[in-house]
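Let me begin by presenting the structure, written as structure tokens, before commenting on it.
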Amino acid sequence: MSTPLMQQYQSVKSRYPDTILLFRMGDFFETFEEDAKVTSRVLGITLTKRGNGAAGEVPLAGFPHHALEAYLPKLVRAGYRVAVCEQLEDPKFAKGIVKRDVIEVVTPGVAFSDKVLNQKQNNFLAAVALGSPLATSADILGCAWVDVSTGEFAAGEFPLARLADHLAGLGVSEVLVQKRDVAAIERILANRVSCVLSKLDDWVFNRDYGYEALLMHFKTQSLKGFGLEELTVGIVAAGAVMHYLQETQKSNLPHIRKIVPVDIADFISLDPATKRNLEITSTMSGATDGTLFSVLDRTCTPMGGRQLKQWVHRPLKRPESLRERLSSVGELVEQNSLRRDAQEIMSNLGDMERLLGRIATGRSGPRELTALKASLRYIPAIQQKAGSCASATLTDIATRLAPMPVVVDRIEAAIADDPPAAVANGGVIRKGYSAELDEVRGLSHGAKDWIARMQQSERERTGIGSLKVGYNNVFGYYIEITNSHKDKVPADYIRKQTLANAERYITPDLKEYEEKVMHAEERILQLETTLFHEVREFVAARSAEIQENARLLATFDCLASLAQVAVENKYVRPMIDDSESLEIVEGRHPVIEQLLPPGEHYQPNDCSLDTEHAQIVILTGPNMSGKSSFLRQVGLIVLLAQIGSFVPAKSARIGLVDRIFTRVGANDNIAAGESTFLVEMHEAAQIVNTATRKSLILLDEVGRGTSTFDGISIAWALTEFIHQRIGAKTLFATHYHELNELTQVLPRVKNFKVDVREYGDKVVFLHRVLPGFADHSYGIQVAQMAGLPSEVTDRAALILKNLESSELITHGRSGKKEGEEFQMQLFEVKDDKLRDALRKIDPDRMTPLDALQRLAQLKKDFDV
Ligand SMILES: Nc1ncnc2c1ncn2[C@@H]1O[C@H](COP(=O)(O)OP(=O)(O)OP(=O)(O)O)[C@@H](O)[C@H]1O
Ligand SMILES: [Mg+2]
């Protein structure tokens, strides 16, 4: 039989499975059993044991309650959900076991602490609702996502096939899934989205329940006002999010004021491989420097930074919205001084969204209020800047920004300048705000003054110059007299404490004033707390307006940031249309051009693609010549244009694309336990299955992860398929010079090469992309440049010469009729083996059963 305490623990714990339960016991938070093992490992604290009556011992790990602020975020960052179980009554007055319950659950997707959050990154919790457990990629699912730290809440419905890209784009930290679908969702997200999956009971995923939960929260009659009424699975997902928030936050969500329907068909879908290869927000090696975002981000506010990241992850598809963004950026490019002034003002703004989140949920101290006030004060100035612009978005920002003088004045009037971090420290409410508070403060001061004066008057009365009035927590105020003056102590002193060389006394007067002070202090704290809460609630009640302001400021900030980059890096405004062609003149790679050492300049290159004539470009060129850079540069320019940014080029006309695919051959994914080549083929398969005529495909040496013959064959067949079936604009960089021959059989394939100059046995890289094809890889020269000993490179040159005169190349060159001859060659080897096997079979000496088995075996051996 367990002890009563452990029984209480078990009953709380049973309501929070898959969650680490921090169980308050006196001055400690304790964890037990499996939780204790995890906690001690993650936090590096000692694992011990606790006796549990007749039930033996349980593992235990704990830490002092005041360390919660430091330890809880660590657990959450490590991917765990954590429930904080507090004592609900003072143990001193409790009869029997102290009442305890969970007051909050913090999870990777539901966090407010700066120690968990990253300023430039939203922290999203999402829920996914499948229409049926057997949903396939074309089926519509519901998805809702919320950032509790900022109050942003949205929902949408889209095909299952887009789920992983969408969640990866949001950078979700946690996804809610109904138990029924856990395995299916795990499969879809595997290796593509890294987040915590939290399982909820199946009954939560129900439209009626979800609908009710949303109405209850928003206190509305229907969801029509949000434009959400028509959704089905979308509402299921939003309801699941709301359910989870209510469970974890105990309904303390006043700052979540609306839910926005999002049609993700408005956005380009970027799959994780493309994002990785284009190094949009993280480099291949996981760094944030040297990414597209690092070049683009000149935002001045945290909310602007987060919004820009969302823009970069979700490029737009509709020309109207893009043109609008582009003309705002254009205006800010031209209005140099206006832009600089606006940015200067905006750089004073704090993180209004997250400040509000903490204020509204009662997590903030006085300083958050003064920080919010300081930010709100800048609104009129920013509004005036936006108001002097002409473009639609900027004028809209100007009209909708709402200075909030009432809020500013209220905080200003109530909260002292430079208030302490916590209300308990006192001195939070400004003098003059509350007559009652001022009066009590006066009493307290009067009493303290009297006590302070007492030291002097008692010194005079007793003639003891060293007499001191002091204070401690146990005895309150006292008079201290050293032993040498013991004989002069007046008769009305009451002895309280004996020290080594002094005695401490009190007098009835002293105690009376002490009483007054204590009483006043207590009352002051009470009043300050109440008044502070009132102000906080006053602000919280205006959450929606403050959030709207923050969102508008974020947008202004993003537009100004894009304009700033355009000016500094000499970008041009792209022309965009709905055509299927792409015309970039003197384009540059936005990141590499920034990283070149001083003195070196980036060689600009043109790119012209269209689905009618030049649909596919096969790009050959030596190692190190700039093939990969060229591919990425084209991808990034299109991406930039589609987030509404100017682009690094002399001019650009961009037919909007619906997706961008970037694939790089031989991209290791050892961590995910997949072979290099398998990953490459997975990624290629995804293109073949999802690209459309309006997509842009960038293939960088795809096929390289296997033997040359296999690689060439796959690359060849893939190009054919894209040409004949998909029709998407494609750039294919390759060392397989054999692919150049595709131009002879496929009309819309063009050959380009990156130019190099040869001087003796040295090569100079010109990084210039020209029509034509390269017939050398200059790999050996590059190896030489890298410092490989000449013994190796000389030998390699000799082997190369032999190889070049051998059949491999000759065969490649002769594949002129749709590559037929070339492919036959590849299959010959297999056919010979089959012939051998057939030769060994003697039908006369086989039973029908033998024959059948043999046939099956052959099929298996030859993999048909
Ligand atoms: N247009 C350019 N102007 C100046 N420097 C460039 C240009 N393009 C590429 N470079 C530089 O050349 C280096 C090699 O480029 P890149 O990796 O694109 O070559 P590659 O042809 O793909 O080589 P490999 O065949 O080995 O993959 C880059 O790191 C970059 O610094
Ligand atoms: Mg390359």
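Tell me the accessible surface of H767 in square angstrom (1.4 angstrom probe, heavy atoms of protein chains only), to the nearest ten.
80 Å²
Among all the lysines, which ones have a C-alpha under 29 Å from K224's C-alpha, if same-chain residues fewer than 8 places away are not counted?
K250, K258, K317
Taking a point 7 angstrom from the Cα of S608 along the C-beta vector, which residues in the range 620-658 have backbone N less than 17 Å away?
Of the residues in the range 620-658, 650-655 have backbone N under 17 Å from the label point off S608.
Contour minus end-to-end for D863 and D775, with contour as 0.36 nm per residue of separation and end-to-end as the Cα-Cα distance?
Value of the extension gain: 28.2 nm.
For K750, list the lysines whose Cα falls under 18 Å from its own Cα; do not include residues on the same chain fewer than 8 positions away.
The reachable lysines, counting only those whose Cα sits under 18 Å from K750, are K627, K729, K816, K817.
Could you state the angle between the C-alpha long axis of helix 4-14 and the longest principal axis of the C-alpha atoms of the chain, as a value from 0 to 90 degrees rounded to the nearest 10?
Long axis of 4-14 versus the principal axis of the chain: about 40 degrees.
Taking the 0 to 90 degree range and rounding to the nearest ten, how far is the long axis of helix 708-721 tilted relative to the main principal axis of the chain, both from C-alpha atoms?
Orientation of helix 708-721: about 90 degrees from the principal axis.
Ranked highest first by average number of other Cβ atoms within 10 Å, how do 173-182, 835-844, 315-324, 619-628 line up?
In descending order of packing, they fall as 619-628, 173-182, 315-324, 835-844.
Just tell me which lysines come within less than 16 Å, Cα to Cα, of K496; anything on the same chain fewer than 8 places away is out.
Within the straight-line cut-off, K496 pairs with K468, K486, K511.
How much length is gained if the chain between K511 and D417 is pulled fully straight, taking 0.36 nm per residue apart and subtracting their Cα-Cα distance, in nm to one decimal?
30.4 nm
Roughly how many nanometres apart are two label points built 7 Å out from the Cα toward the Cβ at A183 and R453?
About 8.4 nm separates the two model spin labels.
Please say if the range 435-536 is rounded, prolate or oblate, where rounded means a/c under 1.5 for a ≥ b ≥ c the square roots of the C-alpha gyration tensor eigenvalues, and otherwise the choice is prolate for a/b larger than b/c and oblate otherwise?
prolate
Have a look at the DSSP beta bridges in the range 604-750 and tell me what percent are antiparallel, nearest 5.
Counting only bridges with both partners in the range 604-750, antiparallel ones make up about 5 percent.
Could you list the residues of the range 367-405 with an amide nitrogen less than 13 Å from a label point located 7 Å from the Cα of R323 in the Cα-to-C-beta direction?
392
Among the trypsin sites (Lys or Arg not before Pro) within the range 1-103, which fall in a DSSP loop and have no more than 14 other Cβ atoms within 10 Å of their own Cβ?
Sparse-neighbourhood loop trypsin sites (Lys or Arg not before Pro): R15, K92, K95, K99.
Report the accessible area of M6, computed with a 1.4 Å probe over the heavy atoms of all protein chains in place, in Å² rounded to the nearest 10.
Only protein atoms counted, so the area is about 0 Å².
Calculate the spin-label point distance for R192 paired with K486, positioning each point 7 Å from the Cα along the beta-carbon direction, and give it in nanometres.
8.7 nm
What distance in nm separates the simple spin-label points at L596 and R207, each placed 7 Å from Cα in the Cβ direction?
Label at L596, label at R207, 5.8 nm between them.
If you average the C-alpha positions of the range 281-342 and of the range 538-580 separately, how far apart do those two centres end up, in angstrom?
Using only Cα atoms, the two centres lie 7 Å from each other.
Which FRET efficiency, nearest 0.05, do L88 and E568 yield, Cβ-Cβ r, R0 51 Å?
0.35
Between M216 and V12, what length comes free when the chain is fully extended (0.36 nm per residue of separation minus the Cα-Cα distance, one decimal in nm)?
Once the chain is fully extended between M216 and V12, it gains 70.8 nm.
What are the ³J(HN,Hα) values, in whole Hz, obtained from phi via the Karplus relation 6.51 cos²θ - 1.76 cosθ + 1.60 with θ = phi - 60°, for each residue of the range 590-605 in sequence order, with x given for Gly and Pro?
Working through the residues one at a time gives x, 8, 4, 4, 7, 9, 5, x, x, x, 8, 10, 7, 7, x, 9 Hz.
How far, in degrees from 0 to 90, does helix 233-249 lean away from the longest principal axis of the Cα atoms of the chain, to the nearest 10?
30 degrees
How large is the convex hull of the C-alpha atoms of the chain per residue, in Å³?
That works out to 286 Å³ per residue.
How much accessible surface area, in Å² rounded to 10, belongs to the heavy atoms of T232 with a 1.4 Å probe?
Rounded to the nearest 10, that gives 70 Å².
How much FRET efficiency would the formula 1/(1 + (r/R0)^6) give for H445 and D114, where r is the Cβ-Cβ distance and R0 is 45 Å, rounded to 0.05?
Calculated value: 0.80.
With an 8 Å Cα cut-off and a minimum separation of 6 or more residues, compute the relative contact order for the chain in percent.
Relative contact order comes out at 9 percent.
Rounded to the nearest 0.05, what FRET efficiency is calculated for D577 and K37 with R0 set to 60 Å and r the Cβ-Cβ distance?
According to the calculation, E is roughly 0.50.
Of A287, G156, T301, which is farthest along the charge dipole of the chain in the positive direction, counting Lys and Arg as +1 and Asp and Glu as -1 at C-beta?
Toward the positive end, the furthest listed residue is T301.
For the range 575-805, what relative contact order do you get, as a whole percent, if you take Cα pairs closer than 8 Å and at least 6 residues apart?
Relative contact order here is 25 percent.
Taking every DSSP beta bridge with both residues inside the chain, roughly what % is antiparallel (nearest 5)?
65 percent
Return the loop-located GluC sites (Glu not before Pro) in the range 587-666 (DSSP other than H, G, I, E, B) with at most 13 other Cβ atoms within 10 Å of their own Cβ; answer none if there are none.
The qualifying sites are E600, E612.
Quickly estimate the mean residue ellipticity at 222 nm for the chain, helices only: each DSSP H run with n ≥ 4 gives -39500 (n - 2.57), and the total goes over all residues, rounded to 500.
One gets -14000 deg cm²/dmol as the mean residue ellipticity at 222 nm.
The values are calculated or read from the model by the stated rules, or taken from the named source; none is laboratory data. Keep in mind that this is a model prediction, so the values were computed, not measured. As a convention, Cβ positions derive from the backbone with ideal geometry for all residues, glycine included, and neighbour counts pool all protein chains shown. Ligands, DNA and RNA are excluded from the accessible area calculation, which covers all protein heavy atoms including side chains. Shrake-Rupley method; radii C 1.70, N 1.55, O 1.52, S 1.80 Å.
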